[in-house]
Structures are given as structure tokens and as C-alpha cells.
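**Q** For reference, the structure I am asking about is given below.
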Amino acid sequence: MIFRVIAVVGGLAVGAGLSQFPEYSQQYTQRLSGAVDELSSVVAQFDADAESLGLSRDEALAELSLGSRMGQARAQSMGQVLERHARLSADLAALRDSTVVQKALNPMYFSDSDVARAAWADFTPAMPVTPAGAGFAGVGFVAGYGLLAGLMAGLGRLFRRRSRPQPAQA
């Protein structure tokens, strides 16, 4: 009986935790969208500056890197901004085109640690009232219950085998 109670409590805990994924996913996507918007303005300004000088983006970066130490540092940091913008833009497009189940199965779209940290800092767990939240809660309950029930059943068998008295030999 105690094992069943522990399994139910475990199922409820995993279900409650997993039910929060749709809301966290939404908040992460909103934060990601803001980051992409901000990076887009920086990239657009850099491209406009390059174009006003008759340079492509790559030519502008190369010219910066040939200059002073500050120019080299700026070329390197702008290269990182361009790479991050491309990566985050691709992640945002993928998240916007995904169902909540697809998002859960593709955690690589939640890979930006700065965005994840900011989304988690503002995240407040809530009662899932959406179908997606209820579905994740159900899957979490079944997974948590099954995992704990299976683990306890296995441990129970292991200890029962060891505690059986050995038959007397004649």
C-alpha cells in the first residue's frame, strides 16, 4: 500500500512539473522574440553602415578586422552578434512553426542560456487550464507513476529474493 501511495505522489509531482512546460515554452518564445528583434536592429544598422560605404557585410567585417585593436575587437564582437542573430532567428522560426509537443521533443530550440535564464527568472508556475497543460500533466503523471512503481517493484523483488530462507540440505 505504501508503495502505491509513493508512486501516486511521484506521478502527481512529475505531472505538476511537466504541466508547466507549455507556459514556460511560451515565455521563452516571447523572450526569444524580443532578443531577435533587438539583434535585428543592430544587424540592420551594421548592414546600413556597410552599404553606405559600398561594402558587403563580410567586406565590412574584414575591413574592421584590419584596423586598430579596437576595430579588430569590434569585428570579432559583431561577428558573434551576426552568428547569434542567425541562430536565434532560426530557433524562433522553428518554435513558432511547432506544436507544443514538437517543442518538447526538440529541446535544441531552447538552447540560448541568456534567454532561458531570463525566462526562468520571470516564470511563475500556474495551474494548467489549457488542453496542452492538461495533456502534459497527464503524461507526466503516467511517467512518474510508472517510473516509481517500476522502481519500487524491482527493489521489492530484489529484497524479497535476498531475505528468503535457504532450504535445509539433507
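The values are calculated or read from the model by the stated rules, or taken from the named source; none is laboratory data. Keep in mind that this is a model prediction, so the values were computed, not measured. Virtual Cβ from ideal backbone geometry, glycine too; neighbours counted across all protein chains shown.
**Q** Let me confirm something: among Asp91, Asp114, Asp122, which residue is at negative phi, acidic (Asp, Glu) and buried (at least 16 other Cβ atoms within 10 Å of the Cβ)?
**A** Asp91
Residues checked against (1) under 30 Å from Ala153 (Cβ atoms); (2) touching a residue at least 60 places away in the same chain (Cβ under 8 Å); (3) among the hydroxyl-bearing types (Ser, Thr, Tyr):
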{"position": "Met1", "(1), (2), (3)": "yes, no, no"}
{"position": "Leu12", "(1), (2), (3)": "yes, yes, no"}
{"position": "Gln20", "(1), (2), (3)": "yes, yes, no"}
{"position": "Tyr28", "(1), (2), (3)": "no, yes, yes"}
{"position": "Phe46", "(1), (2), (3)": "no, no, no"}
{"position": "Arg57", "(1), (2), (3)": "no, no, no"}
{"position": "Ser65", "(1), (2), (3)": "no, no, yes"}
{"position": "Met70", "(1), (2), (3)": "no, no, no"}
{"position": "Gln102", "(1), (2), (3)": "no, no, no"}
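**Q** Any chance the stretch 6-25 includes a residue that's surrounded by fewer than 18 Cβ atoms within 10 Å (Cβ to Cβ) and either at pLDDT 90 or above or not in a helix (DSSP H, G or I) (or both)?
**A** Yes, because at least one residue in the stretch 6-25 is surrounded by fewer than 18 Cβ atoms within 10 Å (Cβ to Cβ) and either at pLDDT 90 or above or not in a helix (DSSP H, G or I) (or both).
**Q** Could you check how many residues of the stretch 47-101 are of a type in the set (Ser, Thr, Tyr) and under 30 Å from the mean Cα position of the chain (by Cα)?
**A** Residues meeting the conditions: 4.
**Q** Still on this model: With respect to Ala119, determine if the residue is within 30 Å of Ser89 (Cα to Cα), among the hydrophobic types (A, V, I, L, M, F, W, C) and assigned to a helix (DSSP H, G or I).
**A** For Ala119, the condition - within 30 Å of Ser89 (Cα to Cα), among the hydrophobic types (A, V, I, L, M, F, W, C) and assigned to a helix (DSSP H, G or I) - is met.
**Q** Also: If you take the residues in the stretch 125-156 that are more than 16 Å from Gly11 (Cβ to Cβ), of a type in the set (A, V, I, L, M, F, W, C) and within 19 Å of the chain's Cα centre (by Cα), which one is modelled with the highest pLDDT?
**A** Ala132
**Q** Quick one: in the stretch 76-111, of everything that is β-branched (Val, Ile, Thr) and part of a helix (DSSP H, G or I), which residue is nearest to Val36 (Cα to Cα)? Working first, answer last.
**A** The initial filter retains those residues of the stretch 76-111 that are β-branched (Val, Ile, Thr), namely 81, 99-101.
Narrowing further to those that are part of a helix (DSSP H, G or I): 81, 100-101.
Details: Val81: 11, Val100: 21, Val101: 23 Å.
Restricting to residues being β-branched (Val, Ile, Thr) and part of a helix (DSSP H, G or I), the top hit is Val81.
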